[in-house]
Amino acid sequence: MALSGSLQALLLGKQVAGSKINSKLLDELMAEGLLLVTTRGSRKSYHARDIEALKRFLIDKDENYRLLEVNASDSRSSLAIETGNSKLLTIRSCIGFPVNSYEPVECFLNGKLFVINPPEGCFIFINNWQHFCIPEDVIVVGIENMENFRMIRHQKRLFRSVIGDAPLLFVSRYPQSTDLRNWLKTIPNKYVHFGDFDLAGIHIFLTEFREYLGNRSSFMIPSDIELRLSKGALSRYDKQYDKYHTLRCDIPRLQSLIDLINKYRRGYDQEGYIE
């Protein structure tokens with residue numbers, strides 16, 4: 001299947017009218033935070049927030065989105081050797097996901113002991129995630145925003161107040177792909193999702209994680225969230241209302257959060273919890 005003209009334009013960094021993009025795909029790309037919207041009257045146009053992230057998402061979502069069909073053994077390095085141009089094909093060069101911790105976590109990579117304990121200011125990228133194992137008592141905390149992920153030490157009190165003293169491994173799904181989720185599906189550990197406190201953030205958790213991980217997944221809800229929501233962003237709620245105002249779930253605590261968001265008609269960014 002060839003790329004549509006609208007996707008080709010987005011991948012070239014151009015603005016595309018919303019009417020030119022498949023509505024289902026547009027919803028997915030917006031939910032993933034991959035597009036930025038420009039409004040002129042009643043018309044909306046979109047452009048890619050990060051072209052490489054958009055490419056990775058499309059390729060990981062469906063092999064049919066590859067610009068050219070390639071053998072799984074091909075790589076950018078081999079293409080460069082043979083043609084002098086590594087950009088001829090769209091290939092995922094950055095497979096895996098980053099991990100972080102503020103206390104040592106003993107893991108295994110390729111069957112060998114591997115301690116995750118990066119100093120402040122850096123994190124570790126797990127490329128061979130298929131052979132990455134962690135102890136069953138470790139709780140995996142998925143962080144949507146990269147700033148929160150980088151600055152976990154500035155949120156220690158938050159994590160301890162909500163999750164407790166269990167050992168924690170922090171993960172991010174940047175670059176945008178399903179590698180993290182696929183790894184989570186192979187392990188028995190509990191998963192806690194830390195995202196923005198708005199309808200879109202809850203939708204991401206429900207559709208991208210809860211649907212696949214079931215009851216061992218939960219959404220992190222701080223005890224002071226009602227106070228913070230009461231002073232949150234009105235514009236965030238207004239932008240998301242048309243798409244998510246019917247959002248409901250069968251998790252009582254999470255439904256209570258949805259009710260609070262609708263009550264105050266506001267959203268709250270997770271960056272607000274960085275001390």
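The values are calculated or read from the model by the stated rules, or taken from the named source; none is laboratory data. The structure displayed is predicted, hence computed values, not measured ones. Using ideal geometry, Cβ is built from the backbone for each residue, glycine included, and neighbour counts are taken over all protein chains shown. Accessible surface is based on the protein model in full, side chains and every heavy atom, while ligands, DNA and RNA are left aside. Shrake-Rupley method; radii C 1.70, N 1.55, O 1.52, S 1.80 Å.
Remarks
- Cα gyration tensor shape of region 1-53, rounded if a/c is under 1.5, else prolate or oblate by comparing a/b with b/c: rounded
- Förster radius 30 Å - calculated FRET efficiency between Val115 and Cys94 (Cβ-Cβ, nearest 0.05): 0.80
- Shape of region 172-221, Cα gyration tensor, a/c cut at 1.5: oblate
- Backbone N within region 190-209 under 13 Å of label point (7 Å from Glu271 Cα along the Cβ vector): 196
- Exposure of Lys231 as accessible area (Å², to 10), given a probe of 1.4 Å and all protein chains: 150
- For Ser256 and Asp165, the FRET efficiency from 1/(1 + (r/R0)^6), where r spans their Cβ atoms and R0 equals 22 Å, is about 0.30.
- Calculated from backbone phi, Karplus (6.51, -1.76, 1.60) coupling profile of region 205-222 in Hz, x at Gly/Pro: 4, 5, 8, 9, 10, 4, 4, 9, 9, x, 6, 8, 10, 8, 9, 6, 10, x
- From its DSSP helices (H runs of at least four residues, each -39,500 (n - 2.57)), the chain gives a residue-normalised ellipticity at 222 nm of -9000 deg cm²/dmol.
- Leu12 versus Lys185: modelled label distance in nm, points set 7 Å from Cα along the beta carbon direction: 3.5
- For the chain: rounded, prolate or oblate by the Cα gyration tensor [a/c cutoff 1.5]: oblate
- With the whole protein complex present, Arg228 retains an accessible surface near 60 Å², based on a 1.4 Å probe.
- Under-5 Å amide H pairs with Cys107, H placed in peptide plane, nonlocal only: Phe114, Val115, Ile116
- Residue of Leu199, Leu260, Leu12 that the Gaussian network model of the chain assigns the largest fluctuation, springs spanning Cα pairs under 10 Å: Leu12
- Alpha-carbon centroids, region 94-170 and region 35-53: separation in whole Å: 33
- Remark: the Phe108-Cys122 segment gains 3.0 nm on full extension, using 0.36 nm per residue and subtracting the alpha carbon distance.
- The modelled label-to-label distance between Glu211 and Gln130, using points 7 Å beyond Cα along the C-beta direction, is 2.5 nm.
- Surface share of carbon and sulfur [accessible, 1.4 angstrom probe, percent] for the chain: 50
- Approximate spin-label separation Leu247-Asp224, in nm, with each point projected 7 Å along Cα-to-Cβ: 2.3
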